[in-house]
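Quick notes on the structure that follows.
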Amino acid sequence: MADNNNLSDLRAEFDKFVQDKCDTDPEKAEELRDPDAGDAVDDEPVPQFVDSLHSVLLAPAKSGVYLSRIDIKRVAEAIDESIPIKEREKMIKALFRHTISKDFLRSAFNEFNRHINGRVLMYQELSAEFPASKHIFDGYIAKTAKVQKTFDQIVEDFEEIGVSDEPLFG
């Protein structure tokens, strides 16, 4: 008798799971297949530097490193920001969407530099271990230096937005 109750409970739990997670509604099914689709937040405007930043930062051929979604998430957490894990481009946009100060940019770029410098250390170790490949790793290291200079240039060019700059408060 106890086995029947356990089986009935298990069946009820399974049916609830199927109803909650396996919805046959086509709109919800599409949303489950592509969780990044249809976010209105993703269509909000971003500061001008974000487009050039993600085209340089997220392309390993230009930056010399690959920054994963988890790397971007860790950067955000290190500067006390919360962003959802999505496509890397959308994560960069979410991280910098509401940037109003150079201090925020500096702290974010310092954290990106920390991650990039970790990769550079790996490249240096690999260069020492495999001297025939040193020229390849040196190329990657040179690219990381260019990206880090880009960070400095973005901070230098950024115009802070203060409360008094808003037309409603002026």
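The values are calculated or read from the model by the stated rules, or taken from the named source; none is laboratory data. Because the structure is predicted, anything quoted here is derived from the model rather than measured. Because the Cβ atoms are built from the backbone with ideal geometry, glycine has one as well, and the counts that use them run over all protein chains shown.
Scanning for something free of Cβ contacts under 8 Å to residues at least 60 places away in the same chain, surrounded by 11 or more Cβ atoms within 10 Å (Cβ to Cβ) and in the same structural domain as L58 (by TED's automatic domain parsing), does segment 155-167 turn up at least one residue?
yes
Scan (1) part of a helix (DSSP H, G or I); (2) in contact (Cβ under 8 Å) with a residue 40 or more places away in the chain; (3) among the polar types (S, T, N, Q) for the single condition N110 breaks and write down its number.
(2)
Being more than 17 Å from V147 (Cα to Cα), of a type in the set (G, A, S), assigned by TED's automatic domain parsing to the domain that holds T150 and at pLDDT 85 or above: is that true of S55 here? Write out each step before concluding.
Working: more than 17 Å from V147 (Cα to Cα): no; of a type in the set (G, A, S): yes; assigned by TED's automatic domain parsing to the domain that holds T150: yes; at pLDDT 85 or above: yes.
Judged against the criteria, S55 is not a match.
For F151, indicate whether it is within 16 Å of H54 (Cα to Cα), part of a helix (DSSP H, G or I) and not β-branched (V, I, T).
Values: within 16 Å of H54 (Cα to Cα): yes; part of a helix (DSSP H, G or I): yes; not β-branched (V, I, T): yes.
It is true that F151 is within 16 Å of H54 (Cα to Cα), part of a helix (DSSP H, G or I) and not β-branched (V, I, T).
Can you pull out every residue in segment 126-149 that is touching a helix residue (DSSP H, G or I) at 6+ places or on another chain (Cβ under 8 Å) and either acidic (D, E) or at pLDDT below 95 (or both)?
D138 - this is the single residue of segment 126-149 that is touching a helix residue (DSSP H, G or I) at 6+ places or on another chain (Cβ under 8 Å) and either acidic (D, E) or at pLDDT below 95 (or both).
Is it fair to say K146 is basic (K, R), in the same structural domain as P47 (by TED's automatic domain parsing), more than 17 Å from the chain's Cα centre (by Cα) and in a helix (DSSP H, G or I)?
yes
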